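Below: one structure, written as structure tokens.
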Amino acid sequence: MPAAPALPVGLLAPEHGDGGLAAVLPAAAGALGVRFTTATGVASERARTALDLPRAERVCVVLVDGLGHLNLAERAGHAPFLRSLLPDARALTSTFPSTTAAAIGAFGTGTAPGRTGMLGYTQRNPVTGGLANMVSWDGAPPPAELQREQPVLERVAAAGLAVTSTGPARFAGSGMTLAALRGGTYAAGEGLPARVDAAVRALARPGLVYVYWGEVDKAGHHHGSASWQWGDELEALDRELARLVRSVPTGTLVLVTADHGMVDVDPALRRDVATDPVLSRGVALVGGEPRAVHVYAEPGEAEAVAERWRDALGEDALVLGRDEVLARGLLGPDPRPDAVAAAGDVVVAMRGRATVVDSRTQTPASLGLVGVHGSLTEREMRVPLLVAAT
């Protein structure tokens, strides 16, 4: 089979091995001495070596939603502690789509969206035919039915190590947690100080702690990553992460990463399928998100829809058929047919500051988001791996 054509200039393909987000938790497990290889070939000990992590008895992995590598580098003046770690940081790639559901699925399992079946913010449920929300899990199949890869936290707990996750109480039994982050115990904490306290308590004994923080992403969505509100959230994050590193026992390894970056988009470059007769023709359903669109075509219309979208969007988008997405490996190696069945017949990766929405299925609040993500631009795809060894 001939090699897939290169992506257009300015777009970055996901790495599904040791240079991608999926390697972080396996590498953390490797630092603790737990050995395994995931379904996409990520080996815990090799990942540890590739990411240059020391062995440790205690590891804390912090995932900051929306803290892209380029976003952080540009606003590092707000984050003296994180800035001190940047010179030695690694810039990993997120998944495609570069969005929370897809990235957390890959991060939690050490695999890729083509294995987890978690393909975007919304995706078609092949059973019901309707849209499933992969963050709230509304309309989605049961987590264990949709996502069949063993989570890394569960692997580490099965090896006999203490595993603790901390996040908001409502996430304890959520679909995403059960699908990709189950394993060990869950210590609820509503604010970041409470989560840092929970992590410090858990690290009194050897083991692995996972901390999630989502307020940076929320500020970016509502105000943009260039806003003062985003800077304030970064400052608050930086203070608490510095306190975390000061407070954990000597010999603890603290890793800080993110699921994706963020682009501040231009409303003038937004297209609405609901009101655009060219984009709506032959389309049964629109899923995904404004920067990475799953287009579900009417029967027999997929090729024609792809051509119309290419012509209409021009340089603002890369428009691919589902088979092209798989051939390029954008959803990862060895995808499961049942896992990719929910992908669009046509998949659209936006470029520049452009977006595509569908006001028939998206709320007014979501249509007005300032900062968004999901596509293959470096700003959305690059995520940091920051390492502090105490």
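The values are calculated or read from the model by the stated rules, or taken from the named source; none is laboratory data. Since we're looking at a predicted model, the values are computed, not measured. Positions of Cβ are backbone-derived with ideal geometry, glycine not excepted, and every protein chain shown enters the neighbour counts.
Considering each of L119, L178, L146 in turn, give the residue that is in the same structural domain as G41 (by TED's automatic domain parsing), out of contact with any strand residue (DSSP E or B) (no Cβ under 8 Å at 6 or more places or on another chain), modelled with pLDDT of 95 or more and within 22 Å of L285 (Cβ to Cβ).
Testing whether each residue is in the same structural domain as G41 (by TED's automatic domain parsing), out of contact with any strand residue (DSSP E or B) (no Cβ under 8 Å at 6 or more places or on another chain), modelled with pLDDT of 95 or more and within 22 Å of L285 (Cβ to Cβ) leaves just L146.
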Practice problem: State which residue pairs qualify: first residue closer than 22 Å to A199 by Cβ and inside the range 227-245, second residue of a type in the set (D, E) in any location, beta carbons under 6 Å apart, and separation of 6 or more residues or different chains. | Solution: E233/E215
Exercise. Report yes if L244 is in the same structural domain as Q147 (by TED's automatic domain parsing), in contact with a strand residue (DSSP E or B) (Cβ under 6 Å, 6 or more places away or on another chain) and farther than 30 Å from P141 by Cα, otherwise no.
Key: no
Practice problem: Provide a single number: the residues in the range 245-290 that are in contact with a helix residue (DSSP H, G or I) (Cβ under 7 Å, 6 or more places away or on another chain), closer than 14 Å to V356 by Cα and not hydrophobic (A, V, I, L, M, F, W, C). | Solution: 2
Practice problem: Output yes when any residue across the range 37-48 is outside the structural domain of D334 (by TED's automatic domain parsing), modelled with pLDDT of 95 or more, under 19 Å from A389 (Cβ atoms) and in a loop (DSSP other than H, G, I, E, B), and no when none is. | Solution: no
Quiz item: Yes or no: A327 touching a residue at least 12 places away in the same chain (Cβ under 8 Å), surrounded by 21 or more Cβ atoms within 10 Å (Cβ to Cβ) and among the aliphatic types (A, V, I, L, M)?
Solution: no
Self-check item: Within the range 323-371, tally of residues that are more than 26 Å from A274 (Cα to Cα) and among the aliphatic types (A, V, I, L, M)
Solution: 5
Practice problem: Would you tally the residues in the range 195-214 being in a helix (DSSP H, G or I) and either free of Cβ contacts under 8 Å to residues at least 24 places away in the same chain or among the aromatic types (F, W, Y) (or both)? | Solution: 2
